[in-house]
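The values are calculated or read from the model by the stated rules, or taken from the named source; none is laboratory data. Please read these numbers as outputs of a predicted model, since none were measured by experiment. Neighbour counts run over all protein chains shown; Cβ positions are idealised from the backbone, glycine included.
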Amino acid sequence: MTKKGFLFDLDGVIVDTAKYHFLAWQRLASSLGISFTEAQNEELKGVSRVRSLEKILEWGNKTLTPEEFAQCMEQKNRDYLHYVYQMEASEILPDVPRVLAYLQQQQQAIALGSASKNARIILDRVQLTDQFHAIIDGTNVTKAKPDPEVFLIGAQQLGIPPADCIVFEDSVAGIQAANLAGMISIGIGDHAILHEATHVFQDFTGITNTFLDQLLHAAAV
Ligand code: B16
Ligand code: MG
């Protein structure tokens, strides 16, 4: 059996921080006189912080000076971190600990591949940092998903060829990034949205140890 590399996205895969992003963006948008809905928040999943603010300003038809833009970014992150610092291990999404434990038991290589610059803080809060052999986050990448950079750096740091890597992702851009990296992509969420993925599951409860065994024994993509 070849050793495989398993790359996990963070928000929407390991924990649901989208609800905290929503509260923080909504507060900021409202301070700018812009309305911001949950449907719009969906469109920000997997999108960088800078691009998220740009999109909100586009929706609200508003422009800011570079100084104001920087202040808004800071304000949003301060609000967001307020929620993050209250996170606990109980917020890890169902069956993620079982899948991580099984992969560790099978001596597989495991990495995080997230767009978030707060990824390390979040992993610490939910006590998962020691489960990852490499952590690639928004501070390590220059190109946002769907660019494959985040996952290619992850594979490199794990020392596993991309063709032997498997990515768990909840965003369309993340699935596209995994596919462009030449990896197996596993969508977590709605099949209608994530249809470009190699496999799609609603959540990790459907990812059985038998399915993981199949991935472990599959030939490289
Ligand atoms: P931050 P992921 C992404 O995390 C979120 O889905 C996205 O909504 C957020 O804007 C982005 O991280 C940046 O986060 O403001 O913490 O740097 O899904 O790539 O783990
Ligand atoms: Mg995500």
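Does Gly187 satisfy the condition of being away from ligand 1 (no atom under 16 Å from the Cβ) and under 16 Å from Val99 (Cβ atoms)? So Gly187 does not fit the description; no. Of the residues making up segment 34-47, those that are surrounded by fewer than 17 Cβ atoms within 10 Å (Cβ to Cβ) and either within 23 Å of the chain's Cα centre (by Cα) or free of Cβ contacts under 8 Å to residues at least 24 places away in the same chain (or both) are Thr37, Glu38, Ala39, Glu42, Glu43.
Quick grid of which residues meet (1) of a type in the set (A, V, I, L, M, F, W, C); (2) touching a Pro at 6+ places or on another chain (Cβ under 6 Å); (3) modelled with pLDDT of 95 or more; (4) part of a loop (DSSP other than H, G, I, E, B):
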| site | (1), (2), (3), (4) |
| --- | --- |
| Leu152 | yes, no, yes, no |
| Ile160 | yes, no, yes, yes |
| Ile175 | yes, no, yes, no |
| Asn179 | no, no, yes, no |
| Gly187 | no, no, yes, no |
| Ala197 | yes, no, yes, yes |
| Thr210 | no, no, yes, no |
| Leu215 | yes, no, yes, no |
| Ala220 | yes, no, no, yes |
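Identify, please: which residue in segment 25-49 is more than 9 Å from ligand 1 (Cβ to nearest atom) and of a type in the set (A, V, I, L, M) and is, among those, farthest from Cys72 (Cα to Cα)? Applying the filter and picking the extreme gives Ala39. Consider Leu180 carefully, then state whether it is surrounded by fewer than 20 Cβ atoms within 10 Å (Cβ to Cβ) and more than 16 Å from ligand 1 (Cβ to nearest atom). Criteria not met by Leu180.
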